[in-house]
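Structure first, commentary second.
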Amino acid sequence: MQTDAAPGWVRNVAWYVLLTGLAAAVLFPIWMTIVRALSNPITWSFDRGQPPYPVDIEWDVFGRAFDEASFGRQLAVSATVTLIIVIGQMVTSVLAAYAFAFVDFPFKRTMFAVTMATLMLPIEVTLVANSRTIRELDWTNSFEGLTVPFLASALGIFLVRQGFLAVPRDLRDAAALDGYGHLRFLWRVAIPITRPVIAAFVVLSFLAAWNSYLWPRAITDDSDWNTIQIGLRAVANSTADQLNVGVAAALLAALPVLIVLVLFQRHIVRGLTAGAVKG
Amino acid sequence: MRSRRVRNALAGYGLLAPALFVFAAFSFYPLWRVIWLGLHEQNRTGTNQRWVGVNQYTDVLTGEEFRGGLWITAQFVLLTVPIGVVIGILLAVAANRRLRGIKVFQVIFSSTIASSTAVTAVIFFVLLEPSIGYLSDPWIFDLLDPDRAIFAVALTGVWQNLGLTFIITLAGLQAVPDDILEAARLDGFGPIRSFARVTLPMITPTLLFLSVALTVFGLQAFAQIDVLTGGGPAGATETLVFKIFNSQEPRQLGEGSVMSVGLFLVTGTVATLQFWLLERRVHYAN
Amino acid sequence: MSAISFNGVTKRFDDTVAIDDLTLDVGAGEFLVLLGPSGCGKSTALRILAGLEQATTGTISIGDRVVNDIDARNRDVAMVFQSYALYPHMTVAKNIESPLIGHHSEDNDKQSRREMVESVAARLGLESLLDRKPGQLSGGQRQRVALARAIVRRPAVFLMDEPLSNLDASLRAQTRAELVELHRSLGTTFVYVTHDQVEAMTMATSIAVLDEGRLQQTGDPRTIYERPANAFVARFIGNPAMNLTPGELKLGADGQHFVHTAGGTVAVDGRWAGLADGQDVTVGIRPEHLTIADQGLPATVLSAEWLGYEQILNVRCGDDLIAVRESDGGELIGSGTNLRLSAHAADIHLFDPSTGLRLAEAST
């Protein structure tokens, strides 16, 4: 029934060509960034032609990012803030999701709707008031200010609750007859069984916290408190001969995320598609 | 019986308490406060405020600042979402096949999700910045031209969204059951017809989700402007959130608050409208 | 004092009544089977007993305690679920140990728990599987792990919800025998739910038949078989089901009583002498009690199922389709064959046509 217009291997080669072209287009900006970071800034900028490959490579540019661009300090801030937020969101989401999935309490449906309603209130909408609150609490330029507003996540509650609801009722009944109370059931049965969902959320939570820009920008003005992302702002203001250091910092900023992406690809896909794809 | 209900209520609310506290303090209270601040005018040091009422809402929401920001934001969304979805489909279709090494391409196409908005801004700074960027002739992505700067900003948005769009669309494509595609093949559908009449309808829920999500993200555009253009040239890229960000000082707090509420309403309306309009064309399997 | 009592228990789910006024006593050490078709309420009754559901009205007692308000954890019952409900992420050993961890007491330390797990595992032949996870086990092995988990704590009552339904036929027969042996050796009260009357008849010391939430009859297997309390129980027990046909009772003054049916006249004995002459009745006779004879009701064979040790004949007798079990061996009886059926008067059952209840017998 199917007539091949061209032999199989020709079609495959055509696909490879197309895919390679698309991949080149997608990677081109990253490649140029790598070129810019590695090349000696004087040679590369003023050398006529600005070649699309690195010239006079200076590998120490990454080390210099740590010293000159305070990347080390920013890394510490970003890492600490991200760690606190991820752990906080994981704990609050698991506890709240447990309540929604396994505990019968009054007004449960209303409270769930209320929780989900916060998805409509992103930080962009509440920024003006929240930054005021932080100022009033004297939490500017502090870990509290950077983390506390993000210690809970409606998305996390949603995802983990889905996972908990998928635990077969029989297992809950068996645990009840085995004498398990809520905490024991949560720790010994519910969490181990839904580990993949929780892991997916942890990855998403990490991505959001690590890449967060608006909030740190709003409540920190002391450069000692810059996160990695905020530190990148300076790149646009750097002189031509310092640009490579700033660009190197940008690459370093994306590195942990890239590692997480490669290692936890499946978890990311699961987390992102929880709402988008059926089945 | 009674004590069981009490125990359950205590347990349930006890478990919810930490999350609820955060939501109350940093989502609901600020919402109320933003609305409230929008009804007042602050003095320069923020120590005093006076009531101005709903007038401030009508003034600001119909004023130039808000309308201008809304227009710039709308341009950003219109430039990034449709193109982004289409490119995502193209990449996902291309990479959804059994070829040796296809995983490599899939990782490459997903990779832009690793780039935060700030990092993406730096990447395109490297390409587009007038004096030191690689592209000495940036064509329409001209950061110096007030009429065209938004295209440059939109480009960063499209590129950054590629990874996310690709991952989600690919998952949607892979969820199309094999046997349906085989049935189409036996029915005589060639690859293009099969895609248009079978695959595409079956991924419409995914595409709907994607376009609503990208639209909402687009309406919140801030970091790329802050890093790449600083709002310029001459305020040509000042999105709503950018304007809101710059109105945290007491004197502009009232205006900023109204714009925040405006953003909230716009986002809600656009998302709902989009969902409502597009959902009719979405095909849900069974 | 019974081991278990249901007193006027009713369970309502929104508009449906799952259990209607159930009153039932179970003696200590009994093997009670709750038997009935799907949806009859037997699983609901079991779950209410376990504490996994709450009765709408009525009380449940275990021993001398009313347990309505006592949590499932504290009722001293264990349950084997139809799906086994094994924790997929725990090893067999940890699954079996689970009730001991949930119910820890002073003399329950790690060492003694381990010993209890190992002794129960040995009893059920699971010693070599202790480190495996449920996903690596066969259906029969998983079932035994579920049993082990239920036994390990030596509760007062074992509950089982259709534990054999997921096993294949040969394993089922073997496991039935093992369960009977287990009951005998442990001496604990068993409450067992099934829709399979073979399981009920072979394992139970007492059967409670339910239909649509209502208790139809309680009794030992022999009584249920020989004196079903109503037409439902009569047809539910026995395979093929008891044949029922309408008839009219004719009491003879000389002690000869008959029932006229569309298929012919059948002699009945004096048990029914207390009823009214000319009364409409439903006549019941089990397929295994019909014999092919020289005299009797005329019937024509429509089809025959030959099973080797017996044949099941579907015959037309009068207006009805009747099943006959013929175990005399010999050739397959072909369709179209005309034969005559007879039965002993003692094997005839009479039921009220409108209520389905067994008609009152005069004491002989």
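Each reported figure results from applying straightforward, stated rules to the coordinates on display, with no laboratory input. Since this is a predicted model, take the numbers as computed values, not measurements. In this analysis, Cβ positions are derived from the backbone assuming ideal geometry, glycine residues included, and neighbour counts consider all displayed protein chains.
Observations, loosely collected:
- The charge dipole of the protein assembly as shown, taken about the Cα centre with unit charges on the Cβ atoms of Lys, Arg (+1) and Asp, Glu (-1), comes to about 1380 debye, rounded to the nearest 20.
- Of the residues A:VAL148, A:SER212, A:ALA199, the one whose Cα sits farthest towards the positive end of the charge dipole of region A:134-235 is A:ALA199 (charges of +1 on Lys and Arg Cβ, -1 on Asp and Glu Cβ, taken about the Cα centre).
- Between A:VAL17 and B:ASP59, the simple spin-label model (points 7 angstrom out along Cα→Cβ) gives 6.5 nm.
- Among C:ILE60, C:ASN166, C:PRO37 - extreme Cα towards positive end, dipole of region C:4-235, charges at beta-carbon: C:ASN166
- Highest-fluctuation residue, B:PHE242, B:PHE76, B:PHE189 considered, GNM on chain B with Cα pairs under 10 Å: B:PHE189
- Take every pair of alpha-carbon atoms less than 8 Å apart whose residues are at least six positions apart; their mean separation over the length of chain C yields a relative contact order of 15 percent.
- Rounded to the nearest 20 debye, the dipole size of chain C about its Cα centre is 1200 debye, using +1 on the Cβ of Lys and Arg and -1 on the Cβ of Asp and Glu.
- Listed residues A:LEU83, A:LEU155, A:LEU214, most fluctuating in chain A (Gaussian network, C-alpha, under 10 Å): A:LEU214
- Once the C-beta distance of C:ASP168 and C:PHE13 is scaled by a Förster radius of 41 Å, the resulting FRET efficiency is 0.80 to the nearest 0.05.
- The sum of -39500 (n - 2.57) across all DSSP H runs of n ≥ 4, divided by the residue count of chain C, sets its helix-only mean residue ellipticity at 222 nm to -7000 deg cm²/dmol.
- B:GLU279 paired with C:ARG184, simple spin-label distance in nm, labels 7 Å along Cα-to-beta-carbon: 6.5 nm
- Over the protein assembly as shown, the hull volume per residue, using the convex hull of the C-alpha atoms, is 258 Å³.
- Eligible aspartates and glutamates near C:LYS94 by straight Cα distance, threshold 19 Å, same-chain separation 8 or greater: A:ASP170, A:ASP173, A:ASP178, C:ASP107, C:ASP109, C:GLU115, C:GLU118, C:GLU127, C:ASP131
- Listed residues B:LEU240, B:LEU265, B:LEU143, most fluctuating in chain B (Gaussian network, C-alpha, under 10 Å): B:LEU265
- Scanning chain A for DSSP H helices at least 15 Å long along the axis (C-alpha atoms) with a Kyte-Doolittle mean no lower than 1.6 picks out A:243-263.
- Per residue, the convex hull spanned by the Cα atoms of chain C measures out at 173 cubic angstrom.
- Comparing B:ILE123, B:GLY101, B:VAL77 along the charge dipole axis of region B:66-155, the residue lying farthest to the positive side is B:GLY101, per the Cβ-charge model.
- Shape metrics for region B:79-211, restricted to C-alpha atoms - Rg then Dmax, Å: 17.9, 58
- Mean projected area in nm² (Cα convex hull; one quarter of hull surface) for region A:59-202: 12.3 nm²
- Relative contact order computed over region B:57-279 (Cα-Cα under 8 Å; 6+ residues apart), in percent: 29 percent
- Cα centroid separation - region C:220-292 against region C:1-41, whole Å: 29 Å
- Qualifying GluC sites (Glu not before Pro) for region C:93-180 [loop in DSSP, other Cβ within 10 Å: at most 15]: C:GLU106
- Angle between chain B longest axis and helix B:64-95 axis [Cα atoms, degrees, rounded to 10]: 20 degrees
- Relative to the longest principal axis of the Cα atoms of chain B, helix B:149-174 runs at roughly 50 degrees.
- Cross-link partners of C:LYS42 among lysines (Cα-Cα below 28 Å; sequence separation of 8 or more within a chain): C:LYS11
- Only Lys, Arg, Asp and Glu carry charge here, each on its Cβ (+1 for the first two, -1 for the last two); on that basis chain A has a dipole of about 1140 debye about its Cα centre.
- The C-alpha atoms of chain C define a longest principal axis, and helix C:139-151 lies at about 70 degrees to it.
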